[in-house]
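Read-outs: derived from the displayed coordinates by stated rules, not from any lab. Keep in mind that this is a model prediction, so the values were computed, not measured. Note: ideal-geometry Cβ built from the backbone for every residue, glycine included; neighbour counts use all protein chains shown.
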Amino acid sequence: MTLLGIIGGTVAETIQSIPMPYTPRMDDVVTMVLLCCFLVSAYILSRNRKFLYQLVKDFLLNRERTSIFTTSTATDMRYLLLLIVQTCILAALCLFDYFIETEPALVEHISPTALFGIYIGICLGYLFIKWVLYSFLGWIFFDTSRVSLWMESYSTLLYYLGFALFPLALAMVFLNLEMQTNVIIALILALFTKILIFYKWLKLFCSKIYGCMLLILYFCALEIVPCLILYRGMIQLNEFLIIKF
């Protein structure tokens, strides 16, 4: 064997021994999750398109009607619950892609699948806490009918947020976009959602000027601060996982 062949073989073995960095686009679990979300969205839209369109009209026109929680069938409610879970999964996927891009050491200390599962649990827990908080404060300060309308409106936002997050998740996973671009898109989507929430709050709960001032305080306390706490908490969790595992 020539010297050139020996050197070439050594270089090839060295290249083969270097592990490739983890990327979500090469993860079968992430691909299957996105495929399942696409199939779920397509199936629900084919079965409940008119119902979802009616929810949007009711949200924008602020119609006071019989609660969807009492008029919907059990099948409809299962579909809507599935959409909320899908929203949490896609939000967790976006956070997962962002944090492994900004903190690559995460996937060196903990399984990517386990980390993704932790993020899904965090998003579900965050949504559950907000749901309980909305219900509790509404029970104290407002009448039942208005609180019911708000919970339905909030649910409608969650349904459509899941549809909006799907292309964002696809872009973050499979397109080679800069993380700064992805963050800007996510922030625009979050800002638009918060604007819709504030619009609905004004329609439902604000009748006087001083009420608007209180509403702004509640909005900051219930919508802005929890997002900041969630983000900071996830950073602390990532540091804990890196240190302990």
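Results, tabulated for the structure shown:
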item: Directionally averaged projected area (convex hull, Cα atoms, segment 143-195), nm²; result: 3.9 nm²
item: Gap separating the Cα centres of segment 25-64 and segment 166-218, nearest whole Å; result: 19 Å
item: Efficiency of FRET between Phe240 and Leu61 - r from beta-carbon atoms, R0 51 angstrom, step 0.05; result: 0.65
item: D_trans [Stokes-Einstein, Kirkwood Rh over alpha-carbon pairs] for segment 120-245, 25 °C, 0.890 mPa s, µm² s⁻¹; result: 148 µm²/s
item: Greater than 26 Å apart at Cα, pairs in Lys130/Lys244; Lys50/Lys130; Lys50/Lys203; result: Lys130/Lys244; Lys50/Lys130
